[in-house]
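For reference, the structure is listed below as structure tokens.
All of the numbers you see were taken from the coordinates with simple rules; none came from a lab. Please read all numbers here as calculations on a predicted model, not as lab measurements. When we count neighbours, we look across all protein chains shown, and the Cβ atoms used for this are built from the backbone with ideal geometry, even at glycine.
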Amino acid sequence: MQHAELRKRLSDIFRNRPYLRSMFYILIDVLIVSFWHIRRGILRFSRQQNGPIHVLDAGTGLGQYTYFMARKFPLWNIYAVDQSANEVCECNRFFHDLNYPRVLFRTEDLETIQRENTYDMVLAVNVVEYISDDRKVLGNLLHALKPGGMLLLSVQSDKSKQVQPNFTNKLLQNSELRHRYNNLELKKLLKELGYRNIKAHYSYGISGRISTVLGVAIPKNLLRRSRHFLVLMPLYYLLLYPVIFVLNSIDAYFVHLSGSELVVSAYKTEACA
């Protein structure tokens, strides 16, 4: 099943079933390692803010990070963009039905997006590595930030031997990876573009990879063999989630010498305005 076909199937499943989309978002929140890292970065940034802010969710995909932010920070203004018109439409419908008036989804290309000093935070999770001209996109995101604003970025690292293990890639079998990033080289690129106060750490160390096998890969393979395994999933997660929780906590709160992804925070200074 191709990427676009599976995304469409998910949209068809969620359409007119908002409770299923909400459950899906919650599962991502509790199970997926990359979500734990990004959530931690968002919460850390939120503690630096005194009131409502403007956020760009660049390459929002299924909208899981926007959902987290909208629930946690209802006064934040969130503009989420993606190239999938169908998914954008479905997300707008879902968030409108839940009465989140400060959330808006639109179809935009990150290579051509033009904003100046607009957002306090830009989120780009597992997006940039799929775009050929990544330098241009990172430059566009810098322009979009207000002075003092933060870019929170997650990309595939050069330590990963295959396209893994973030949830969207595993679910959608995305295989169009253009870049894998070296820690030092990515910091150098961001600095050349004008970002400052750049910090990076690895995610999906050994604990994160084991968690992904237990939380995503095994259930997915079981359901591939037979949909009858669906009735066993609640029991499976009831038994395994304590282990997954510990593994995710280790991955999110301890330093790893290597990992399949890099999580980066970088700021726009006054001089870049």
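Apply the Karplus curve 6.51 cos²θ - 1.76 cosθ + 1.60, θ = phi - 60°, to the phi angles in the stretch 228-234 and return the couplings in whole Hz, x for Gly and Pro.
With the stated coefficients, the stretch 228-234 comes to 5, 5, 4, 5, 8, 4, x Hz.
I want the local charge near residue 252. Using Cβ-Cβ distances under 9 Å, sum +1 for each Lys or Arg and -1 for each Asp or Glu among the other residues.
Cβ neighbours under 9 Å give a net charge of +1.
From the phi angles alone, apply the Karplus equation (6.51, -1.76, 1.60; θ = phi - 60°) to the stretch 249-265 and give each ³J(HN,Hα) in whole Hz, x where the residue is Gly or Pro.
Rounded to whole hertz, the list is 5, 4, 5, 7, 10, 10, 7, 10, 6, 7, x, 6, 10, 10, 10, 10, 10.
Just to be sure I understand, if you calculate percent of Cα pairs over 33 Å apart for this structure, which of (i) 33; (ii) 20; (iii) 17 do you get?
After the calculation, the listed value that fits is (iii).
Label the stretch 106-256 by shape, choosing from rounded, prolate and oblate, from the square roots a ≥ b ≥ c of the eigenvalues of the Cα gyration tensor; if a/c is under 1.5 it is rounded, and otherwise prolate applies when a/b is larger than b/c, oblate when it is not.
Cα axes put the stretch 106-256 in the prolate bin.
Taking the alpha-carbon centroid of each part, what is the distance from the stretch 78-150 to the stretch 218-246 in angstrom?
Measuring centre to centre over Cα atoms gives 33 Å.
Just list whichever of 159/268; 220/268; 72/146; 72/159; 159/191 have alpha carbons separated by over 30 Å in the model shown.
220/268; 72/159
Calculated from DSSP H runs of 4 or more alone, at -39500 (n - 2.57) each and per residue, what is the 222 nm mean residue ellipticity of the chain, nearest 500?
-14000 deg cm²/dmol
Each residue of the stretch 78-86 in turn: what ³J(HN,Hα) in whole Hz from Karplus with 6.51, -1.76, 1.60 and θ = phi - 60°, glycine and Pro shown as x?
10, 10, 10, 10, 7, 8, 7, 5, 5
List the residues, sorted by chain then number, that are 5 or more residues from residue 105 or on another chain and whose placed amide H is less than 5 Å from its amide H.
80
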